[in-house]
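Structure, as structure tokens:
The values are calculated or read from the model by the stated rules, or taken from the named source; none is laboratory data. The model shown is predicted, which means the values in this text are computed figures rather than measured ones. All Cβ positions, even for glycine, are placed from backbone atoms using ideal geometry, and neighbour counts span all protein chains on display.
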Amino acid sequence: MSATLIHARPARVAPVPGLGLSLGVTIAWAGLIVVIPLAALAIKPWELGVAGVLASLADPRVVSALSVSFGAALAAALVALPLGLLLAWAIVRLEFPGRRVLDGAIDLPFALPTAVAGIALTALLAPNGWLGAPLMAAFGWQIAYTQAGIVAALVFVGLPFIVRTVEPVLRDMGRDAEEAAATLGATRPQALARVVLPALAPSLLTGFGLAFARGVGEYGSVIFIAGNMPMQTEIAPLLIVIRLEQFDYAGAAAVGLAMLLLSFAILLGLNLLQRALRRGRR
Amino acid sequence: MSARFRPAHADAPAFNAVLIGAALAVAFMLLVLPLAAVFVEALRRGLPVALDAIVEEDSLAAIRLTLVVAAITVPLNLVGGVAAAWAVAKCDFPGKRLLVTLIELPFSVSPVIAGLVFVLIFGAQGWLGGWLQARDIQVIFALPGLVLATVFVTFPFVARTVMPLMQEQGREEEEAAATLGATGFQTFWRVTLPNVKWALLSGVLLCNARAMGEFGAVSVVSGHIRGETNTMPLHVEILYNEYQFAGAFAVAALLALLGLVTLAAKSILERLSGRPSGGAA
């Protein structure tokens, strides 16, 4: 019978006060700023009727803008994934002068206002820019004002998400498993591929999802470098702005709602994949 | 800690050197060059030209407006964020996970959508548009709209930096304070706040940096009226689109400095509190 005594909570501990006030403030704050406005987004498009919403979304310009936004975000997250892993590895595992500075600099894309990043990247990658001119001269590649420019901006914006989700996992992982693998006769590439990478996979996936989600909605860093040609380099957020300027509120909301639902569906898929990965490792 | 016995699991020094070189090259291209470009472009025609662009009337108005928006937004999100962190970390109630999801939601919403939702409610053709117009109240294309959109975008910062720390620290100290007869506010001021002060400050700084630098959300609700509803990032856009590159980059350099100061302060605060504070934007 002593077991129940051990598990019993100490007789009288007062609960922490302030639930009513703090929860009240939180719910009011979240309700007014997040829930009601997003409800407006969910309701507004249907003023057009179901057929109207579908017609509004079937507009070729909308389809193109959505595929540019989602395609560029996907490509950028794929490019940022190995780069982010490399940076996280360097910060956690390698010793070199300037490591701490590098660690601090990773967050730069978080801290730099998006419009500033946008004009800076455009200045770099424009056909006469520091990077744009050599690329143009050497390979004939134009980055700015093409879809490649959109991807470049989204790599910049997404990179810290991947580094900052992989880094803590890599730090906590330690080297025991790798040492064990080496002791059991695994070569170094085998240990990296079969021990390290699978352990990092869930966090890589999380970082990928965060970078992707951010990229889909990104506006400030993209519009300067994109060129904004309808059907080619026009992103979905810009199309929302254009529709609002034409006072087509319902049409703008339809694009916004489609963007949100699509990216939530993709994030949900990534989440399920991640669960499957975690289960597979147990 | 592993002993130094030339372990079999270590990478060859040459391989590590290649990795370090590659990492530094990536960081140089993606982080150093864009930042350098801002300052070089700003100073291309000399420091006096850059300074003139900043002290010019419309720029000063943009700086003032940016400060006002941040001065309203940050305290609102500070109160809301601390309340949310307290409720989630120190109390029990049903629906907690839903609330946490809701608090983080603005991070996964496009800034343009953050502006759009307030236009849908307060805009000329929005739900309250007619009502507001009849009473001559301006929300969209005016300060209230700018503040609402900025509050939405910066909503999660304080809650997200403070909440994990409060959860980690558990409730024993607060429960002890309550048992000894402290009121909720006394417990917060004397017990909880001292434990989370650095994280809280870090959250406030991140919130402030984003509030001052936000572009997409305020762009939708601002109306871009020069000298009236233009914040600094919007002013950068206007100057840039008018081919006034020196001016655009000068104002941009000011914003970049704000970002750099925020980064430096954040890493100092992390060292003070001895733990990284989740800084994802």
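Would it be correct to say that B:Glu174 is within 11 Å of chain A (Cβ to nearest Cβ), among the charged types (D, E, K, R), more than 30 Å from A:Gln246 (Cβ to Cβ) and touching a Lys or Arg at 6+ places or on another chain (Cβ under 9 Å)?
Against the criterion (within 11 Å of chain A (Cβ to nearest Cβ), among the charged types (D, E, K, R), more than 30 Å from A:Gln246 (Cβ to Cβ) and touching a Lys or Arg at 6+ places or on another chain (Cβ under 9 Å)), B:Glu174 qualifies.
Restricting to the range A:106-117, name every residue that is more than 11 Å from B:Phe249 (Cα to Cα) and either within 7 Å of chain B (Cβ to nearest Cβ) or modelled with pLDDT of 95 or more (or both).
Of everything in the range A:106-117, those that are more than 11 Å from B:Phe249 (Cα to Cα) and either within 7 Å of chain B (Cβ to nearest Cβ) or modelled with pLDDT of 95 or more (or both) turn out to be A:Asp107, A:Leu108, A:Phe110, A:Ala111, A:Leu112, A:Pro113, A:Thr114.
Given the options B:Ala36, B:Ala84, B:Ala8, B:Ala14, name the one that is over 30 Å from A:Leu131 (Cβ atoms) and either surrounded by fewer than 19 Cβ atoms within 10 Å (Cβ to Cβ) or modelled with pLDDT of 95 or more (or both).
After applying the criteria, what remains is B:Ala8.
Out of (1) touching a residue at least 40 places away in the same chain (Cβ under 8 Å); (2) over 29 Å from B:Val218 (Cα atoms); (3) within 11 Å of another protein chain (Cβ to nearest Cβ), the odd one out for A:Leu81 is which?
That leaves (3) as the condition not met.
Counting just the residues of the range A:172-182 that are closer than 22 Å to A:Ile91 by Cα and touching a residue at least 12 places away in the same chain (Cβ under 8 Å), which one comes out nearest to the other protein chains (Cβ to nearest Cβ)?
The residue in question is A:Glu178.
Provide a single number: the residues in the range A:82-102 that are touching a helix residue (DSSP H, G or I) at 6+ places or on another chain (Cβ under 6 Å), of a type outside the set (A, V, I, L, M) and surrounded by 18 or more Cβ atoms within 10 Å (Cβ to Cβ).
Counting residues in the range A:82-102 that are touching a helix residue (DSSP H, G or I) at 6+ places or on another chain (Cβ under 6 Å), of a type outside the set (A, V, I, L, M) and surrounded by 18 or more Cβ atoms within 10 Å (Cβ to Cβ) gives 1.
Count, please, the residues in the range B:127-176 that happen to be assigned to a helix (DSSP H, G or I) and over 29 Å from A:Phe110 (Cβ atoms).
Matching residues across the range B:127-176 total 11.
Among the residues of the range A:91-105, is any in a helix (DSSP H, G or I), modelled with pLDDT of 95 or more and not hydrophobic (A, V, I, L, M, F, W, C)?
No, the conditions are met nowhere in the range A:91-105.
Could you list, in sequence order, the residues of the range A:127-146 that are in contact (Cβ under 8 Å) with a residue 40 or more places away in the chain, out of contact with any Leu (no Cβ under 6 Å at 6 or more places or on another chain) and either assigned to a helix (DSSP H, G or I) or not aromatic (Phe, Trp, Tyr) (or both)?
Result: A:Thr146, single match.
Working only within the range A:124-134, note down all residues that are within 18 Å of A:Ile150 (Cα to Cα), surrounded by fewer than 18 Cβ atoms within 10 Å (Cβ to Cβ) and within 14 Å of chain B (Cβ to nearest Cβ).
Scanning the range A:124-134 gives A:Asn128, A:Trp130, A:Ala133.
In the range B:72-98, how many are over 18 Å from the mean Cα position of the chain (by Cα) and at the interface with another protein chain (Cβ under 7 Å from one of its Cβ atoms)?
Looking only at that region, the number is 6.
Restrict the check to the range A:183-205 and report whether at least one residue is at the interface with another protein chain (Cβ under 9 Å from one of its Cβ atoms) and either of a type in the set (Asp, Glu) or touching a residue at least 24 places away in the same chain (Cβ under 8 Å) (or both).
No, the range A:183-205 contains no residue that is at the interface with another protein chain (Cβ under 9 Å from one of its Cβ atoms) and either of a type in the set (Asp, Glu) or touching a residue at least 24 places away in the same chain (Cβ under 8 Å) (or both).
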